[in-house]
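The values are calculated or read from the model by the stated rules, or taken from the named source; none is laboratory data. These numbers were taken from a predicted model, which means no experiment stands behind them. Quick reminder, even Gly has a Cβ in these numbers, built from the backbone with ideal geometry, and neighbours come from all protein chains shown. Note: accessible area is taken over every heavy atom of the protein model, side chains too, but ligands, DNA and RNA are not part of it. Shrake-Rupley method; radii C 1.70, N 1.55, O 1.52, S 1.80 Å.
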Amino acid sequence: MAVHLEVVVDVADADRALAFWSAALGYRPYGNFAQYRSLVDPDGVGPKLVLQEVADAKDGKNRVHLDLHVADVEAEVARLEGLGATRLDDAPIAEAGTHWVRMSDPDGNEFCVCQLQGAAG
């Protein structure tokens, strides 16, 4: 049995989140219906991302978050800050042979920008 993974993220403003995540991931808008906006990997490799606009505010730490693996963590953090993300820690976290920076999207959803394994860092 094949399983196809789709990730759904609750957001306060679906259109703002669509603009942020499409630029952040290089995904393309796929469709929208009512409070939903979806994005897909143009190469068909990554999972579909669905943004669900909800009225309730984010409260507390995410139980699930996205990790973005890149070759240059600091360059990607700077790029994402320019798109509206917020860096949550002053210094990268180093653990298990890699490092990453915790960030939040414009809706406050946490995600990490991680060193791509095998890349200089």
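If you take the residues of segment 105-121 that are polar (S, T, N, Q) and surrounded by 15 or more Cβ atoms within 10 Å (Cβ to Cβ), which of them is farthest from Arg16 (Cα to Cα)? For segment 105-121, the residue satisfying everything is Gln115. In segment 15-38, the residues that are in contact (Cβ under 8 Å) with a residue 12 or more places away in the chain and farther than 15 Å from Val54 by Cα form Cβ pairs under 7 Å with partners that are part of a helix (DSSP H, G or I) and open to solvent by less than 80 Å² (accessible area, probe 1.4 Å), at six or more places apart or across chains, as follows: Phe20/Leu83; Ala23/Leu83; Ala24/Leu80; Ala24/Leu83; Tyr27/Trp21; Arg28/Ser22.
If I filter segment 81-104 for residues that are closer than 26 Å to Val3 by Cα and surrounded by 14 or more Cβ atoms within 10 Å (Cβ to Cβ), do I get at least one hit? Steps first, answer last, please.
From segment 81-104, those closer than 26 Å to Val3 by Cα are none; that's our starting set.
No, every residue in segment 81-104 fails to be closer than 26 Å to Val3 by Cα and surrounded by 14 or more Cβ atoms within 10 Å (Cβ to Cβ).
Quick one: is Ala23 within 17 Å of Thr86 (Cα to Cα) and of a type in the set (Gly, Ala, Ser)? Here the answer is yes, as Ala23 does meet what is asked. Of the numbered criteria (1) assigned to a helix (DSSP H, G or I); (2) at pLDDT below 90; (3) not hydroxyl-bearing (Ser, Thr, Tyr), the one Gly60 fails is (1). Here Lys58 meets each of (1) surrounded by fewer than 12 Cβ atoms within 10 Å (Cβ to Cβ); (2) in contact (Cβ under 8 Å) with a residue 40 or more places away in the chain; (3) more than 12 Å from the chain's Cα centre (by Cα) with one exception, condition (1).
How many of the residues making up segment 1-24 are among the basic types (Lys, Arg) and in a strand (DSSP E or B)? Give the derivation first.
Step one: of segment 1-24, the residues among the basic types (Lys, Arg) are 16.
In the following step, the residues that additionally are in a strand (DSSP E or B) were identified as none.
Matching residues across segment 1-24 total 0.
Search segment 71-96 for residues that are closer than 22 Å to Gly108 by Cβ and touching a residue at least 40 places away in the same chain (Cβ under 8 Å) and pair each with any residue that is open to solvent by less than 60 Å² (accessible area, probe 1.4 Å) and assigned to a helix (DSSP H, G or I) when their beta-carbon atoms are under 7 Å apart and the residues are at least 6 apart or on different chains. Correct list of pairs: Leu80/Ala24; Leu83/Phe20; Leu83/Ala23; Leu83/Ala24; Gly84/Phe20. Of the residues making up segment 19-38, one or more are modelled with pLDDT under 95 and touching a Ser or Thr at 6+ places or on another chain (Cβ under 9 Å). Any idea how many residues of segment 39-48 are closer than 22 Å to Gly82 by Cα and modelled with pLDDT under 95? Counting residues in segment 39-48 that are closer than 22 Å to Gly82 by Cα and modelled with pLDDT under 95 gives 0.
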